[in-house]
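Here is the structure we will look at, set down as structure tokens.
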Amino acid sequence: MQNKKISLIGAGQIGGTLAHLAAIKELGDVVLFDLVAGLAKGKALDIAQSSAIDGFNTSLMGTDNYVDTANSDVIIITAGVPRKPGMTRDDLLSTNLKIIKQVADGIKDTSPNAFVICITNPLDVIVMALQKYSGIPENKVIGMAGVLDTSRYKYFLSQELNVPISEIDAFVLGGHGDTMVPFPNKTFISGKPLSKYIENGKISHQRLEEIINRTRSGGAEVVKLLETGSAFYAPAASGIEMAESYLKDQKKVLPCAAYLNGQYGQNNIYAGVPVKIGSGGIEEVIEVSLDEDEKKNFDVSINAVKELLDAAKKIDPNLE
Ligand code: A3D
């Protein structure tokens, strides 16, 4: 059987980590693409030179030519500029819109059947622009954010409550920004609702609020510590989980930025919702019922995405 092919557009911090993880997991042949050819080629060679030690059998190449990415099964895009301390994700809009147009032009004819995962920020608007620029169907174009935001939320909760992270069941929805929505009322620990832990005094309302806020600013906290660049290990792990679910038809339900066409009362917009990812791409957008407060918070988050989308349309009226 022919190997699957995974192309990573952008060979920076996240791109390199994606390549390493994809290789170790033997998800398929890996092509690292970057405008800076040496960066892509150097990282591909470096990872390949670890294969004898880690015992993986994966073909890796670096390139600055889209022809080498042709007929990819999965494309993960991180091309773009990351945040510097003090910047919001939205500050990246105009630069990354131009970059995503170049990427869309590069992949649309060479890999029209790929499952395309976008990581470039500001996520919800960039993934929408990518879909429009490339014309690749909505069910095959998805944004990574909710998996990462949820993982941060679970990590902070597991540390606070001193429970294994695998025991926590939770998700974070909405746009990938300061208005993202963790759902404490839908958070379960070892099958018990989080509210029971509050009742038993294991965690106070105030600590929970602090954890929610820390989740919302989880990216900024890392940006501040690193001083140059933004988080890359956890974002790459998140992208790989989505790619693996597609490639292996695992049908995992994961919170991702997906195209909404009536679901959650929203139309023609990308936002973070739970979706089932299998060999058909986004096979289903799962509609969880939201109580009044959750709906209010979700709508605030969607409105923030809409505002940014309006700003993007001013930069490029073709996005209308
Ligand atoms: P970085 O290490 O700078 O890598 C970006 C790479 O993109 C660089 O190697 C550039 O040379 C390359 N590049 C720039 N323009 C092009 C182009 N036109 N075609 C191909 N390659 C190009 O950044 P990073 O890997 O740390 O982050 C990448 C993106 O992910 C940024 O926009 C971040 O803000 C974003 N990000 C998103 C999340 C989410 O959760 C959504 C998390 C962390 C980072």
Mind ranking R83, R207 by accessible surface for me, highest first, 1.4 Å probe?
R207, R83
Given a 10 angstrom Cα cut-off, can you work out which residue in V127, V222, V147 is the most mobile in a GNM of the chain?
V222
How much of H205 can a 1.4 Å solvent probe reach, expressed as accessible area in Å² and rounded to 10?
130 Å²
Using only Cα atoms, find the angle between the long axis of helix 146-161 and the longest principal axis of the chain, and express it within 0 to 90 degrees, rounded to the nearest 10.
50 degrees
Å² of accessible area per residue within the chain, as computed with a 1.4 Å probe and no ligands counted:
45 Å²
Quick one: what are the phi-derived ³J(HN,Hα) couplings along region 278-295, Karplus 6.51/-1.76/1.60 with θ = phi - 60°, whole Hz, x for glycine and proline?
x, 5, x, x, 7, 8, 7, 8, 8, 9, 8, 6, 10, 6, 4, 5, 4, 5
Could you look at region 163-212 and say what percent of its accessible area is carbon and sulfur, using a 1.4 Å probe and all protein chains?
51 percent
Counting sequence-distant residues (5 or more places) and residues on other chains, those with an amide H built under 5 Å from that of K252 are I277
Given the chain, what percent of its DSSP beta bridges are antiparallel, to the nearest 5?
50 percent
Whole-percent carbon and sulfur share, accessible surface of region 225-320, 1.4 Å:
48 percent
Here the convex hull volume per residue of region 38-78, taken over Cα atoms and given in Å³, is 88 Å³
In whole percent, and with a 1.4 Å probe on the protein chains, what portion of the accessible area of region 1-155 is carbon and sulfur?
50 percent
Taking square-rooted eigenvalues a ≥ b ≥ c of the alpha carbon gyration tensor, is region 47-141 rounded, prolate or oblate, where a/c under 1.5 means rounded and, failing that, a/b exceeding b/c means prolate?
oblate
Non-local Lys pairs in region 2-107, i.e. 8 or more apart or on different chains, that have alpha carbons under 30 Å apart:
20
Could you sort K108, K202 by accessible area so the largest value comes first, with the probe set to 1.4 Å?
K202, K108
A convex hull over the alpha carbons of the chain yields, per residue, a volume in Å³ of 134 Å³
Quick check on region 182-320: take the gyration tensor over C-alpha atoms, sort the square-rooted eigenvalues as a ≥ b ≥ c, and tell me if it's rounded (a/c under 1.5), prolate or oblate.
rounded
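The values are calculated or read from the model by the stated rules, or taken from the named source; none is laboratory data. Remember, predicted model here, so these are calculated numbers, not experimental data. Each accessible area value is taken on the protein alone, full model and side chains, heavy atoms only, with ligands, DNA and RNA left out. Shrake-Rupley method; radii C 1.70, N 1.55, O 1.52, S 1.80 Å.
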